[in-house]
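Some notes on the structure that comes next.
Since every read-out is calculated from the coordinates, none of them should be taken as a lab result. A quick note: this is a predicted structure, and the numbers were derived from the prediction, not measured.
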Amino acid sequence: MGILPELFLTFAKIGLFTFGGGYAMIALIEDSCVEKKQWITHDEMMNVTVIAESTPGPIAINCATYVGYKQKGLAGAAAATAGMVLPSFCIIFLVSMFLDNFLEITWIAHAFRGIRIAVGILILDAAIKMIRKMQKKRFPLSIMSISFAVMLAINIFALHFSSITLMLIAASVSLALYLVKQSGGKEAVGK
């Protein structure tokens with residue numbers, strides 16, 4: 001099979017069988033693209049995830065577009081993106097046409113309660129894999145720990161604080177410390 005159909009089918013499978021959005025798909029994207037097909041490395045997957053989170057659009061689609069582009073340029077990006085989007089679009093289109101009160105059907109409502117638990121586990125799995133592969137230096141671990149604690153406090157106390165603002169603050173602190181390190185304070189930062 002050529003690379004374009006393979007890109008399309010790989011991401012169509014991920015798009016078809018993953019509930020819960022982009023974060024739930026990250027573990028499957030990593031399994032397919034890093035472990036099985038070796039289209040990208042673990043480090044690239046971590047970088048793609050960060051960049052995909054920071055750019056407009058759904059994270060899974062941004063990841064698929066990157067992997068496709070890396071494999072076969074613009075045509076690969078189009079094939080991977082179409083594979084990721086098409087199954088969800090078709091399912092939602094069919095549901096909207098034939099079932100007016102889809103989630104009011106008792107057995108479907110119960111199925112979605114179970115799916116929510118699975119989605120949480122998939123997201124947790126992706127987070128644990130990324131943390132394991134993260135550089136074990138004080139500074140990245142500090143940024144991660146502080147960001148986690150702040151987001152946890154925001155959620156527990158139901159505060160209105162944008163996660164985007166938190167990411168921008170973390171990026172600014174990291175950039176500022178990098179600039180300090182580059183200008184001569186190499187002993188003080190990043191050991």
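Need the C-alpha centroid separation for segment 122-190 versus segment 1-61, integer Å.
If we compute the Cα centre of each part, the gap is 23 Å.
For segment 74-89, just list the computed ³J(HN,Hα) in residue order, Karplus coefficients 6.51, -1.76 and 1.60, θ = phi - 60°, integers in Hz, with x standing in for Gly and Pro.
4, 5, x, 4, 5, 5, 5, 5, 4, x, 6, 8, 4, x, 5, 4
Residue by residue through segment 168-184, which ³J(HN,Hα) values in whole Hz follow from phi under the Karplus form 6.51 cos²θ - 1.76 cosθ + 1.60 (θ = phi - 60°), with glycine and proline marked x?
Here the 3J(HN,Hα) series is 5, 5, 4, 5, 5, 4, 4, 5, 4, 5, 4, 5, 4, 5, 5, 8, x Hz.
In percent, how large is the relative contact order of the chain, given Cα pairs closer than 8 Å and 6 or more residues apart?
Normalised by residue count, the contact order of the chain is 23 percent.
I need the phi-derived Karplus couplings for segment 136-151: 6.51 cos²θ - 1.76 cosθ + 1.60, θ = phi - 60°, integer Hz, Gly and Pro marked x.
8, 9, 4, 5, x, 5, 5, 4, 4, 5, 5, 4, 4, 4, 5, 5
Could you work out how far helix 106-133 tilts from the main Cα principal axis of the chain, as a 0 to 90 degree angle to the nearest 10?
30 degrees
How many percent of all Cα-Cα pairs in segment 48-185 sit more than 22 Å apart?
Cα-Cα pairs of segment 48-185 separated by over 22 Å account for 61 percent.
222 nm [θ] for the chain, helices only, -39500 (n - 2.57) per DSSP H run of 4+, per residue, to 500?
Calculated from helices alone, the mean residue ellipticity at 222 nm is -26000 deg cm²/dmol.
Can you give the angle from 0 to 90° between the axis of helix 42-54 and the longest principal axis of the chain, with both taken from C-alpha atoms, to the nearest 10?
Between the helix axis and the principal axis of the chain, the angle is about 80 degrees.
So what is the relative contact order for segment 135-191, in percent, with contacts set as C-alpha pairs under 8 Å and at least six apart?
Relative contact order for segment 135-191 comes out at 44 percent.
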